[in-house]
Amino acid sequence: MKNPEEIFELLKNEFKDIIIGLEKESPTEPIVAIDPMQINKVGLFLRDNDILKFDSLMVLSGVDDANGTKVKDDDGAEMISGGTLSVYYHLHSTNLKHKITLKTTTPRENPQVESVYNIWRTSDWHEREAYDMFGIIFVNHPDLRRILMPYDWEAGYPLRKDYKNPEFYKGMKVPY
Amino acid sequence: MGLLDKEFSDGNIVIARVDDLMNWARLSSIWQLGFGLACCAIEMMATSASHYDFDRFGVIPRNTPRQADAIIISGTVTLKMATRIKRLYEQMPDPKYIISMGSCANCGGPYWEHGYHVLKGIDRVIPVDVYVPGCPPRPEALLEGLLKLQEKIRNESLRKKIS
Amino acid sequence: MALKTETMVLNMGPQHPSTHGVLRLELEIEGELILSVKPHIGYLHRCFEKHAEAMTYPQVIPYTDRLDYLAAMGNNFGYVVAVEKLLGIQIPERVEYIRIIMAELQRIASHLVAIATNGADIGALTPFLYLFRDREYILSLFEMTCGARMLYNYMWIGGVSHDIHPDFVRKTKEFIIHFRPTIVELNNLLTFNKIFIERTANIGILPIDTAINFGASGPVLRGSGLQFDVRKEDPYSIYNRFDFEIPTGKGLVGTVGDCWDRYYVRVLEMEQSLRIIEQAIDNIPGGDVHSAIPKRIKPPKGTVYSRVENPRGELGYFIISDGNLNPFRVKVRAPSFVNLELMGELCKGHLVADVIAILGSLDIVLGEIDR
């Protein structure tokens, strides 16, 4: 069983500059930050290596960091321009009982992250949901389309901090 | 039931108004479309189970809208689902009745403020006869809603319907 | 010259008597054989995560109730454990004991509904009525404590909302004495019934590697033979003080990992929950249940992911806090969301009627899939 610092050392030795760093500011667990377009290689190493054996992805979540500049729109609402969107991966090993958290950050204007569909099949629907709610494009995902909102929803990505509601959808009034 | 406890002096001839007879037949066997959406559906299932029986009022769940008299919308209605509910409503034959069960179907419920995908009340899409409040309503509240619907049917009249 | 054939697309639409809610399954069939199953979800998407960003930490708790509405105590438990980890506060012993008793009673109630609807979909309508009658006992225990039958808002951050009623201990013991023979009756009626075994044995076999790769959890994973329970792996609250076993599927009447195994794991789990309640009900320490509830809940900046064992599997809450009164991001890892992805794998090569049996054994609740 290894703790996150040891796992970070192993990854740093193997992959050198794809691993950006180890963030330790949260009160509970350290997070390993990784380059978004190289996460597939790191994931394969984490799953197949005998010392690590991370065979289960617990959850994959998209987050809107809301760290860009706030810009006023035409009708007075606040839009955010610039800044980043992040994806957090929580991995766990059923044999060796250790856990690790990974994080990738991508710019808000053109968010692209490599998909881990071929490593852990759990990520299939989780990535579709991150696309649906935040607009993050997962490269190499076989079937990236909306999952929770209607397939023809055009009003944007709902969980972003600057999302605005449409007035009508197919003749039905949306606000209260 | 007013018709059956009268004394029949003649043996086997009953004289009643057509309206009363038709309404009595309709309100004693309201067959509902089994349509449970969310948490209120579990309370509806508990109402049909043996503790608070629905069957003693003549209410049976049917599987298809073409054989149902009433539909109990129990649970939150989302925008994605509202188009399908409209289609189900149009497939039901007349006379049909709608019971809106629960706070979400009445007015959007706890999701009224930030729900971008929630339809704030099913009466924006189909006309409702009885509203049952609660989140979720107790089975006794749903039974009272059913009794109110029976009241409404008892006061219907064929003449007014056609005109 | 070969005969030209086509496959047919059959739609089990959002309104269906046996899909446990609003789920749409698109089946591609050739005669009666299934070639592929594509689930379509989102018909109950109620924007929980957007509400969580707009409410304060205690105000989110009623919304978590409505995620998996059949196991509302478990949802509350998971959220409250996550926020308490962020805050780093200590909970009084009395509160811990009460929370565990409520969570285990809720596990029994949820498994009763799962078994009843599983049987009702296949055609056995009698266990539905019998098990709902027994569920009413548990709901009256909950109603005595906090006033609500199904969606409680009971577990608060740092404590619980109401202390238990003076009659609660006596009535729970009466329930335990009443419930043990009910499980025997259920086994006679449904579990070892020849028709039920014909419908569910050797159907929807799930190998262990596929289960772990797809992220399955709960009775779905334990039915394939792996002894994995979050209460023993990652103990939260005071579960490490109680003595209970983890039942797994052994292929008693078929292959390991079929629908019957997943169903039988739920029956055995109900017995284990009774064991935990028996151990806890006599030893509830005294104290005040409201003493540790903070006045203003403003956790420090940070992230936490914590998981609990809900009746349907591993429920996880990923909370990011930025030091304000409202959470910055709350992501719910719902067990049924991950288990439903297995439908495409499990149904290949079976008949249309088996789709219902497999869906019933996966035990999904649309409230937490769509959030």
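The values are calculated or read from the model by the stated rules, or taken from the named source; none is laboratory data. Computed from a prediction, not measured in an experiment: that's the story for all the values here. Positions of Cβ are generated from backbone atoms using ideal geometry, with glycine treated the same way; all protein chains shown enter the neighbour counts.
Among the conditions (1) under 15 Å from A:His90 (Cβ atoms); (2) in contact with a Ser or Thr (Cβ under 8 Å, 6 or more places away or on another chain); (3) of a type outside the set (Phe, Trp, Tyr), C:Arg307 misses just one, which is (2). Of all the criteria given as (1) surrounded by fewer than 19 Cβ atoms within 10 Å (Cβ to Cβ); (2) of a type outside the set (Val, Ile, Thr); (3) over 24 Å from C:Val83 (Cα atoms), the one not satisfied by C:Asp134 is (1). Listed by position, the strands (runs of 3 or more DSSP E) enclosed by region A:58-176 that each have at least 3 residues that are at pLDDT 85 or above and either closer than 22 Å to C:Leu23 by Cβ or of a type outside the set (Val, Ile, Thr) (or both) are A:84-92, A:99-107. Here C:Asp243 meets each of (1) more than 18 Å from C:His111 (Cβ to Cβ); (2) within 14 Å of another protein chain (Cβ to nearest Cβ); (3) not β-branched (Val, Ile, Thr) with one exception, condition (2). In this structure, A:Leu102 qualifies as more than 9 Å from chain C (Cβ to nearest Cβ) and touching a strand residue (DSSP E or B) at 6+ places or on another chain (Cβ under 7 Å). Go through region A:8-28 and count every residue that is in contact with a helix residue (DSSP H, G or I) (Cβ under 8 Å, 6 or more places away or on another chain) and either within 14 Å of chain C (Cβ to nearest Cβ) or under 21 Å from A:Thr106 (Cα atoms) (or both). Result for region A:8-28: 7.
Among the residues of region C:261-293, write down those that are over 19 Å from C:Arg135 (Cβ atoms), polar (S, T, N, Q) and modelled with pLDDT of 90 or more. Residue satisfying the conditions is C:Gln279 alone. Quick check on B:Phe8: is it modelled with pLDDT of 90 or more and of a type outside the set (A, V, I, L, M)? Answer is no for this residue. Only a single criterion out of (1) buried (at least 17 other Cβ atoms within 10 Å of the Cβ); (2) within 14 Å of another protein chain (Cβ to nearest Cβ) is not satisfied by A:Ala155, namely (1). Residues in region C:288-325 that are among the acidic types (Asp, Glu) and either crowded, with 18+ Cβ neighbours inside 10 Å or within 13 Å of chain A (Cβ to nearest Cβ) (or both): C:Glu309, C:Glu314, C:Asp322.
Applying the selection to region A:120-133, what residues are within 11 Å of chain C (Cβ to nearest Cβ) and either under 14 Å from the mean Cα position of the chain (by Cα) or surrounded by fewer than 21 Cβ atoms within 10 Å (Cβ to Cβ) (or both)?
A:Arg121, A:Thr122, A:Ser123, A:Asp124, A:Trp125, A:His126, A:Arg128, A:Glu129, A:Ala130, A:Asp132, A:Met133
Counting only helices (runs of 4 or more DSSP H) that sit completely within region C:197-245, zero hold 3 or more residues that are surrounded by 15 or more Cβ atoms within 10 Å (Cβ to Cβ), among the aromatic types (Phe, Trp, Tyr) and modelled with pLDDT of 90 or more. Report whether or not A:Lys53 is within 14 Å of another protein chain (Cβ to nearest Cβ) and either in contact with a Leu (Cβ under 6 Å, 6 or more places away or on another chain) or within 22 Å of C:Lys50 (Cα to Cα) (or both). Answer is yes for this residue. Only one of the numbered conditions (1) within 22 Å of C:Phe242 (Cβ to Cβ); (2) within 11 Å of chain B (Cβ to nearest Cβ) is violated by C:Arg135, and that is (1). Cβ-Cβ contacts under 6 Å between residues 6 or more apart (or on different chains), taken from a first residue in region B:104-126 that is of a type in the set (Lys, Arg) to a second residue that is part of a loop (DSSP other than H, G, I, E, B) and surrounded by fewer than 20 Cβ atoms within 10 Å (Cβ to Cβ), are listed as B:Lys120/A:Tyr176; B:Lys120/B:Trp112.
Which residues, counting only those in region A:25-57, are surrounded by fewer than 14 Cβ atoms within 10 Å (Cβ to Cβ) and modelled with pLDDT under 75? If the condition is that a residue be surrounded by fewer than 14 Cβ atoms within 10 Å (Cβ to Cβ) and modelled with pLDDT under 75, then A:Glu25 is the only one that fits.
Residue-by-condition table, conditions (1) within 22 Å of B:Pro136 (Cα to Cα); (2) touching a residue at least 40 places away in the same chain (Cβ under 8 Å); (3) not aromatic (Phe, Trp, Tyr):
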| position | (1), (2), (3) |
| --- | --- |
| C:Glu6 | no, no, yes |
| C:Val9 | no, no, yes |
| C:Gly13 | no, no, yes |
| C:Leu25 | no, yes, yes |
| C:Ile34 | no, yes, yes |
| C:Lys38 | no, yes, yes |
| C:Gln59 | yes, no, yes |
| C:Asn75 | yes, yes, yes |
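Counting only strands (runs of 3 or more DSSP E) that sit wholly inside region C:273-364, those with at least 1 residues that are of a type in the set (S, T, N, Q) and within 30 Å of C:Glu174 (Cβ to Cβ) are C:302-310. Among the residues making up region A:10-24, a single one is surrounded by 14 or more Cβ atoms within 10 Å (Cβ to Cβ) and among the basic types (Lys, Arg): A:Lys12. Taken as a whole, the structure places C:Asp163 among residues that are closer than 30 Å to C:Gly287 by Cβ and touching a residue at least 60 places away in the same chain (Cβ under 8 Å). Among residues of region B:18-30 that are closer than 18 Å to B:Leu147 by Cβ, those with a Cβ under 7 angstrom from a residue that is among the acidic types (Asp, Glu), sequence gap 6+ or separate chain, pair up as B:Asn23/B:Glu156; B:Ile30/B:Asp69. For region A:29-44, the criterion of a residue being in a strand (DSSP E or B), free of Cβ contacts under 8 Å to residues at least 12 places away in the same chain, more than 14 Å from chain C (Cβ to nearest Cβ) and not acidic (Asp, Glu) is satisfied by no position.
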